[in-house]
Amino acid sequence: MIWFSLALAGAFFNSSYSLLAKLYRSDTPSSVWAGGAFLFSSLLFFIGSGISGIPTIGDNFFPAAIGSAFINVCAALLYLKAVEKADLSLVTPLLSFSLVFVVLNSFLLLGELPTYLGITGLVLIFLGVYIISGEQGTILGPVRALAKNSGVKSMLVVALLFSISFVLDKVAVVNSSPLFASAIITFLSGVTLLLIAKFQGHSVLNIIKNKLLLIGLASLTIFLQIFFIAYAMPMTLASYVMAVKRSTILFSVLWGGLLLKEPFFKQRLIGASFMLIGLIILLLFERT
């Protein structure tokens, strides 16, 4: 069960990035924080790729890598906005909607109907979202509360973007290797974000110098989460690895309740558990 430990480690470091951003990013521009983290992590990926060997590059690699990097830039900025504007234990579980969007896109674009188990998974995810809002009162109270939250809206867009980048990432990996694809995508994302920061008038080098330790830690969490998942993938079915990786939902709720003292801890833990079960059902039994 080495793959399980690797995938769980990937989930842990995934949630750790969110925790670092929630705790320490408030006085750092999003473009500098994310750009520096991506750029530094790309250096680690390049080193790893150099050690393992530069792979043969397929024809579709660069279009997929560039497309994924562009989506990463948009998603990274919206992600940090969501974490800043709303509770970590509220918005991070909404990333589960990335898989929901994959299922819905398959239905709308390809006419593929979800199975009964797939529908069960979707219902559990929606039920979990309803529960984690923490609102009481009328039946539609939780829905209204979520609709008014700008952080929630931003994270739902991130989930949609991730559902698209997932396909591009897979194409990039197939046309190279996990480490090399990650190196190029994170490098392009980092450079683009830092150029945006420069265009916004930020003193990029000074900010990175002052926040070097924190941005370095953020880049390390990005590298480790991708590294562990990449090495877990060949050991078992990809759907098993992704199912375990989604436990980042529970980690984020735990960080929010235990470390950040966010409200509705027990309620959100229950809601996140429903969402995780729904995700596992979709990953293991639905054709996505």
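The values are calculated or read from the model by the stated rules, or taken from the named source; none is laboratory data. Everything numeric here is computed off the predicted structure, so don't read it as measured data. Note that each Cβ is placed from the backbone with ideal geometry, even for glycine, and that neighbours are counted across all protein chains shown.
Taken as a whole, the range 87-101 holds at least one residue that is among the small types (Gly, Ala, Ser) and over 20 Å from Ala172 (Cα atoms).
Checking Ile47, Ile54 one by one, the residue that is without any contact (Cβ under 8 Å) to a residue 24 or more places away in the chain and aliphatic (A, V, I, L, M) is Ile47 and no other. Inspection of the range 129-147 identifies no residue that is part of a loop (DSSP other than H, G, I, E, B), modelled with pLDDT of 85 or more, crowded, with 20+ Cβ neighbours inside 10 Å and under 21 Å from the mean Cα position of the chain (by Cα).
Filtered by the rule that a residue be hydrophobic (A, V, I, L, M, F, W, C) and either surrounded by fewer than 24 Cβ atoms within 10 Å (Cβ to Cβ) or more than 10 Å from Thr221 (Cα to Cα) (or both), the range 12-37 gives Phe12, Phe13, Leu19, Leu20, Ala21, Leu23, Val32, Trp33, Ala34.
Only one of the numbered conditions (1) polar (S, T, N, Q); (2) within 18 Å of Tyr79 (Cβ to Cβ); (3) at pLDDT below 95 is violated by Ser219, and that is (3).
Of all residues in the range 23-42, how many are at pLDDT 95 or above and assigned to a helix (DSSP H, G or I)? So the count comes out to 13. The residues of the range 223-267 that are under 14 Å from the mean Cα position of the chain (by Cα), closer than 17 Å to Leu283 by Cβ and of a type in the set (Ser, Thr, Tyr), listed by number, are Ser247, Thr248.
Can you work out which of the residues in the range 108-125 that are of a type in the set (A, V, I, L, M) and modelled with pLDDT of 85 or more is surrounded by the most Cβ atoms within 10 Å (Cβ to Cβ)? Give the derivation first.
Initial filter on the range 108-125 (of a type in the set (A, V, I, L, M)): 108-110, 113, 117, 119, 122-125.
Remaining after also requiring modelled with pLDDT of 85 or more: 117, 119, 122-125.
On the way: Leu117: 13, Ile119: 15, Leu122: 20, Val123: 13, Leu124: 21, Ile125: 26.
Only one residue tops the list, namely Ile125.
Starting from residues that are part of a helix (DSSP H, G or I) and more than 12 Å from the chain's Cα centre (by Cα), keep the ones in the range 84-100 and report whichever is modelled with the lowest pLDDT.
For the range 84-100, the residue satisfying everything is Val100.
All of (1) within 22 Å of Ile131 (Cα to Cα); (2) in contact (Cβ under 8 Å) with a residue 24 or more places away in the chain; (3) surrounded by fewer than 18 Cβ atoms within 10 Å (Cβ to Cβ) hold for Leu258 with one exception: (2).
For (1) surrounded by fewer than 18 Cβ atoms within 10 Å (Cβ to Cβ); (2) of a type in the set (Gly, Ala, Ser); (3) modelled with pLDDT of 95 or more, each residue gets a yes or a no:
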{"residue": "Gly50", "(1), (2), (3)": "yes, yes, no"}
{"residue": "Phe61", "(1), (2), (3)": "no, no, yes"}
{"residue": "Ala65", "(1), (2), (3)": "no, yes, yes"}
{"residue": "Phe70", "(1), (2), (3)": "yes, no, yes"}
{"residue": "Tyr79", "(1), (2), (3)": "no, no, yes"}
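Just to be sure, is Ser165 under 24 Å from Gly67 (Cβ atoms), at pLDDT below 90 and polar (S, T, N, Q)? The answer is yes for Ser165. When Tyr231 is tested against the conditions (1) under 20 Å from Val173 (Cα atoms); (2) free of Cβ contacts under 8 Å to residues at least 24 places away in the same chain, the lone failure is (2). Within the range 173-199, restricting attention to residues that are of a type in the set (Phe, Trp, Tyr) and surrounded by fewer than 24 Cβ atoms within 10 Å (Cβ to Cβ), the residue that is nearest to Ile226 (Cα to Cα) is Phe187.
Looking at Glu286, Glu262, just one residue is of a type in the set (Asp, Glu) and either closer than 15 Å to Leu95 by Cβ or modelled with pLDDT under 90 (or both), and that residue is Glu286. When the residues of the range 237-252 are filtered to those that are at pLDDT 80 or above and not in a helix (DSSP H, G or I), the one that is surrounded by the most Cβ atoms within 10 Å (Cβ to Cβ) is Arg246.
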